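The values are calculated or read from the model by the stated rules, or taken from the named source; none is laboratory data. Small disclaimer: the values here were computed from a predicted structure and weren't measured. Note that we place each Cβ from the backbone using ideal geometry, even for glycine, and neighbour counts take in every protein chain shown. The protein model used for the area step is the full one, side chains on, heavy atoms only, and it has no ligands, DNA or RNA in it. Shrake-Rupley method; radii C 1.70, N 1.55, O 1.52, S 1.80 Å.
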Amino acid sequence: MVHTPVHASWTNQIEIFFSIVQHKVVPPNDFTGLTQVRDRLRAFEDRYNATAQPFQWRFTTPDLDDLPAGLDRHTPADRREESSAALAA
């Protein structure tokens, strides 16, 4: 099992990738034809694949274990009591 950080799921990473493509590779109104778009996307893909590195997650299993305590520190006491009551029911 792989734990992804709660603040950055794999879908966030995909959104970041496509944002980079949209802003840096294929900005609007920058091309005269589809061939030019295709060539630029393929060049970006080749460069990206040549320079890509595995991502090193910093969110560890102990971080995951500590997460409920951290959430409790940021949740008002009255909401914690409501949550506890709902779980007990």
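Within the stretch 17-35, which residues are more than 23 Å from the chain's Cα centre (by Cα) and at pLDDT 80 or above?
Once the filter is applied, which keeps residues that are more than 23 Å from the chain's Cα centre (by Cα) and at pLDDT 80 or above, the stretch 17-35 yields Phe31, Thr32, Gly33, Leu34, Thr35.
Only one of these conditions is not met by Arg38: (1) modelled with pLDDT of 75 or more; (2) loosely packed, with under 11 Cβ neighbours inside 10 Å. Which number is it?
(2) is the only condition that Arg38 fails.
Among the residues of the stretch 45-61, is there at least one that is farther than 30 Å from Val26 by Cα, open to solvent by 80 Å² or more (accessible area, probe 1.4 Å), at pLDDT below 65 and not hydroxyl-bearing (Ser, Thr, Tyr)?
No; the residues of the stretch 45-61 include none that is farther than 30 Å from Val26 by Cα, open to solvent by 80 Å² or more (accessible area, probe 1.4 Å), at pLDDT below 65 and not hydroxyl-bearing (Ser, Thr, Tyr).
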